[in-house]
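Colleague: Handing you a structure now.
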């Protein structure tokens, strides 16, 4: 992989996007409170991603084709491969879909890079190299990440509900590891995976730094799944009845606290350094949020751990409330968008960091 020849190549942005299917259609009459704002924020992030104009998107998903306790990279080395699927959930939203082209050659380079430096890295070859199936954990964040780009692409065949990009940007998809098949294995791996996934993030960053491509990292994930929820909500926004014992409608004491930790971590509330700049607080993420995640149950936590490694020690300027204030040349990242909300039993968050090209 060629070394970066341009200061504007490598990792140019990081988008943390939810995958709740209810965000896709803002015109439904039965939407829970908070969905409209989340949808609007995701669309604003989509517009900024189009301005960034990435060559390559790396998507990390907790709900893909997962392996137990191993990272799974889709289709390394397979040329002319694609990925497509719809966002069906509770027999709804199947009319929303995404169709993308995978970058098998670049993916092979990333796979070999990680395989040589990290345990538990595997590559999946699906259907003799044919298209890989996608579901909501990939489709929803890709829908928002690519929405504006799709309509800026000449000759695209996208519609409001179907996003198709077959040329640029290409996509690499990585499924994050599951936590094991038994309760004992899960408990052990919850502890082990924290430093493992932070190191995975460091390696993603070092690989991106060598690239001549403009790369956008997209992290798919939702927050605590143990919030209180109303039995008056339409059933499509409630947990499946078989999960009521896991997600009681009264909620748990850990859900709001966990989401507060993650929001403070991503916005740097307690990590101010110089000139109001901040860096991601590893102690807050790994220990405070990490110690209650097994009660809060967040599918996005694995992506947060990886993101900690990707952005480790980088200075960040929060420009959410005032985008007109001068850009601090000391900052490496600009936090341009962030929203947290809890429309139902699980919390959702959307955020975007853009590289400070004026640095």
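The values are calculated or read from the model by the stated rules, or taken from the named source; none is laboratory data. Being a predicted model, the structure only gives us computed values, none of them experimental. Don't worry about glycine lacking a Cβ; one is built from the backbone with ideal geometry, like all the others, and counts go over all protein chains shown.
Colleague: Residue check: is residue 202 within 18 Å of the chain's Cα centre (by Cα), surrounded by fewer than 20 Cβ atoms within 10 Å (Cβ to Cβ) and either modelled with pLDDT of 95 or more or outside any strand (DSSP E or B) (or both)? I'd like the intermediate steps shown before the answer.
Modeller: Numbers: within 18 Å of the chain's Cα centre (by Cα): yes; surrounded by fewer than 20 Cβ atoms within 10 Å (Cβ to Cβ): yes; either modelled with pLDDT of 95 or more or outside any strand (DSSP E or B) (or both): yes.
Answer is yes for this residue.
Colleague: Quick one: count up the residues across segment 241-252 that are in a loop (DSSP other than H, G, I, E, B) and free of Cβ contacts under 8 Å to residues at least 24 places away in the same chain.
Modeller: 4
Colleague: Right, something else. Among the numbered conditions (1) buried (at least 21 other Cβ atoms within 10 Å of the Cβ); (2) assigned to a helix (DSSP H, G or I); (3) out of contact with any helix residue (DSSP H, G or I) (no Cβ under 6 Å at 6 or more places or on another chain), tell me where residue 36 comes up short.
Modeller: (1)
Colleague: Mind listing just one residue for me: the one in segment 260-278 that is part of a loop (DSSP other than H, G, I, E, B) and touching a strand residue (DSSP E or B) at 6+ places or on another chain (Cβ under 7 Å) and, of those, surrounded by the most Cβ atoms within 10 Å (Cβ to Cβ)?
Modeller: The qualifying residue surrounded by the most Cβ atoms within 10 Å (Cβ to Cβ) is 268.
Colleague: Another one. With a cut-off of at least 2 residues that are over 24 Å from residue 306 (Cα atoms), name the strands (runs of 3 or more DSSP E) lying wholly within segment 39-151. Can you show your working first?
Modeller: Values: elements: 56-61, 71-74, 82-86, 97-101, 121-124, 132-134.
Counting at least 2 such residues, we get 82-86, 97-101.
Colleague: Output the number of the condition that residue 231 fails; it satisfies all remaining conditions of (1) without any contact (Cβ under 8 Å) to a residue 40 or more places away in the chain; (2) closer than 30 Å to residue 50 by Cα; (3) outside any helix (DSSP H, G or I).
Modeller: The number of the failed condition is (2).
Colleague: Checking the condition at pLDDT below 85 and touching a strand residue (DSSP E or B) at 6+ places or on another chain (Cβ under 9 Å), which residue from 161, 179 passes?
Modeller: 179
Colleague: Quick test of your reading of the structure: residue 269 fulfils all but one of (1) touching a helix residue (DSSP H, G or I) at 6+ places or on another chain (Cβ under 9 Å); (2) within 19 Å of residue 352 (Cβ to Cβ); (3) touching a residue at least 60 places away in the same chain (Cβ under 8 Å). Name the failing condition by number.
Modeller: Among (1) touching a helix residue (DSSP H, G or I) at 6+ places or on another chain (Cβ under 9 Å); (2) within 19 Å of residue 352 (Cβ to Cβ); (3) touching a residue at least 60 places away in the same chain (Cβ under 8 Å), the lone unmet condition for residue 269 is (3).
Colleague: Follow-up. Report whether or not residue 211 is part of a strand (DSSP E or B) and either surrounded by 16 or more Cβ atoms within 10 Å (Cβ to Cβ) or touching a strand residue (DSSP E or B) at 6+ places or on another chain (Cβ under 7 Å) (or both).
Modeller: It is false that residue 211 is part of a strand (DSSP E or B) and either surrounded by 16 or more Cβ atoms within 10 Å (Cβ to Cβ) or touching a strand residue (DSSP E or B) at 6+ places or on another chain (Cβ under 7 Å) (or both).
Colleague: Same structure again: Which one is farthest from the chain's Cα centre (by Cα), of the residues in segment 319-359 that are closer than 22 Å to residue 259 by Cβ and outside any strand (DSSP E or B)?
Modeller: 321
Colleague: I would also like to ask the following. Please tell me if residue 66 is out of contact with any helix residue (DSSP H, G or I) (no Cβ under 8 Å at 6 or more places or on another chain) and modelled with pLDDT of 95 or more.
Modeller: Taking the combined requirement at face value, the residue does not satisfy it.
Colleague: Still on this structure, I have one more. Would you point out which residue out of 186, 194 is at pLDDT below 85, part of a helix (DSSP H, G or I) and touching a helix residue (DSSP H, G or I) at 6+ places or on another chain (Cβ under 9 Å)?
Modeller: The unique qualifying residue is 186.
Colleague: Against the condition buried (at least 22 other Cβ atoms within 10 Å of the Cβ), at pLDDT below 95, in contact with a strand residue (DSSP E or B) (Cβ under 8 Å, 6 or more places away or on another chain) and assigned to a strand (DSSP E or B), how does residue 173 come out, does it pass?
Modeller: Values: buried (at least 22 other Cβ atoms within 10 Å of the Cβ): yes; at pLDDT below 95: no; in contact with a strand residue (DSSP E or B) (Cβ under 8 Å, 6 or more places away or on another chain): yes; assigned to a strand (DSSP E or B): yes.
Here the answer is no, as residue 173 does not meet what is asked.
Colleague: Take the residues in segment 279-297 that are in contact (Cβ under 8 Å) with a residue 40 or more places away in the chain and not in a loop (DSSP other than H, G, I, E, B), then tell me which one is farthest from residue 14 (Cα to Cα). It would help to see each step written out before you state the result.
Modeller: Taking segment 279-297 as the starting set, the residues that turn out to be in contact (Cβ under 8 Å) with a residue 40 or more places away in the chain are 282, 286, 290, 293-297.
Subset that is not in a loop (DSSP other than H, G, I, E, B): 282, 286, 293-296.
Details: 282: 17, 286: 20, 293: 23, 294: 26, 295: 27, 296: 24 Å.
Residue satisfying both the conditions and the ranking: 295.
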